[in-house]
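Written out below as structure tokens is the structure these notes cover.
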Amino acid sequence: MKREQKTTRINDLTSLIAAHDTFYLFDYNKMTVAQAVALRKILRKQGSGVKIVKNRLALRALKAEFPEDLKTAFRKPTGLAYTAADPVVLAKTLKEFSVQNKVLVMKGGVVQGQYVTAERFDGITKLAPRPELLARFAAALASPLIAFLRSLQAPLGSMGRLMGQLKDKKQ
């Protein structure tokens, strides 16, 4: 490969990493072409993508802000799955594809700017999707307010029932 080609690939990979704050690294050693095409189709449907990278070029493209542990993941054939959307959805898709086809071995990655080891990847796959987590958070914030509102309304409701009973008694 000529130096100009290497430079353009490094620049492309640098811009890809800069544009997507979440990416996972995986070993695709036993993957067939048909499986690779199927994985690309699945990820493309959800707004993610896959790029097979040359390790030396990828190491040049990584910025100094990434930890050394991530740089050690670039051994053996390396694939990079990236997304700008929900990182949990991408992780679940990769895990599901890996279980079905038994070809992907996770090496680690970066989730919204934070380094993730291969061991923590399984924990990410067990998380709920982002909208569900936001809904749970909103419910947790709203529950004390709802309880306070109910406690304020309780005396008024009791007073209304007492007035209704008094009215029935007088008639």
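Read-outs: derived from the displayed coordinates by stated rules, not from any lab. The structure presented is a predicted model; accordingly, all values stated were derived computationally and were not measured. Ideal geometry is used to build each Cβ from the backbone, glycine not excepted, and the neighbour counts take in all protein chains shown.
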Largest fluctuation, GLY157, GLY123, GLY47 only, Gaussian network model of the chain with Cα springs under 10 angstrom, belongs to GLY157
Over its alpha-carbon atoms, the chain yields an Rg and a Dmax in Å of 26.2, 101
Exposure-ranked with fewest Cβ neighbours within 10 Å first, ILE124, ILE146 stand as ILE146, ILE124
Applying the span-like rule to the chain (DSSP H, Cα extent along axis at least 20 Å, Kyte-Doolittle mean at least -1.0) gives 3-19, 87-101, 130-170
Ordered by fewest other Cβ atoms within 10 Å, a rough proxy for footprinting exposure, VAL89, VAL99 read VAL99, VAL89
Among GLN114, GLN153, GLN46, the residue with the largest mean-square fluctuation in a Gaussian network model of the chain built from Cα contacts under 10 Å is GLN153
Rounded to 0.05, the calculated FRET efficiency for the beta carbons of ALA19 and LYS45 at R₀ = 25 Å is 0.80
From fewest to most C-beta neighbours within 10 Å, the residues SER98, SER158 line up as SER158, SER98
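Mind checking Rg over Rh on the stretch 129-171, alpha carbons, Kirkwood formula for Rh?
Values: Rg = 18.5 Å, Rh = 13.0 Å.
Computed over Cα atoms, the ratio is 1.42.
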Among the Cα-Cα pairs of the stretch 1-102, the proportion with separation greater than 22 Å, in percent, is 31 percent
So THR32 and ASP69, fully extended at 0.36 nm per residue minus their Cα-Cα distance, gain in nm 10.5 nm
